[in-house]
1. Kirkwood Rh, Cα Rg: Rg to Rh for the range 65-190?
2. Given points 7 Å out from each Cα along the Cα-Cβ axis, report the residue 126 to residue 170 separation in nanometres with one decimal.
3. Using Cα-Cα distances under 8 Å and only pairs 6 or more residues apart, what relative contact order does the chain have, in percent?
4. Calculate for the chain the 222 nm mean residue ellipticity that helices alone would give, adding -39,500 (n - 2.57) per DSSP H run of length 4 or more and normalising by residue count, nearest 500 deg cm²/dmol.
5. Using the count of nearby Cβ atoms within 10 Å as a rough guide to exposure, how do 99, 80 rank from fewest to most?
């Protein structure tokens, strides 16, 4: 993303999946790149398992909420996220979904699926689904979509390192999850 270009992203999942963490990570990355940022979260049940949706606006916006049919992309940390929150997507947008199969039922936009839960089990880090999905999205969007992220994988890693540098074990696990998702995305063929 360059200059005054703007980007609107929806991040959805359920409580305990790290939707808010992912939103804050992306917001901090945008701020470090000198971009203005708005975020807003809506929580379902105030406990693990309730629906959580987060709005992230990068660039010159005047309000934090994304209107229906205006989002550039969706990161869905569970398979029903596209059904629940796809209404926010504009026709030429993209969606990344934590699901085992690639669903081609969206005629207006590319939908890319990753079995992040299974990958999290393989790397023995069940809480890393959010970073696996983000890493995958960074690679897949870069390769397949004209409107890529406002930041790079390197930018995300730098923010993780600054936030978790004092917790080396947590940092290593987070970087492994992010890089694993990115590697899967780079190897994927759609």
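We did not get these values from a lab; they are worked out from the coordinates using the rules stated. Here the structure is a predicted model, which means the values were calculated and not measured. With ideal geometry, Cβ positions are generated from the backbone for all residues, glycine too; neighbour counts draw on all protein chains shown.
1. That ratio equals 0.98.
2. 1.9 nm
3. 20 percent
4. That calculation yields -12000 deg cm²/dmol at 222 nm.
5. 80, 99
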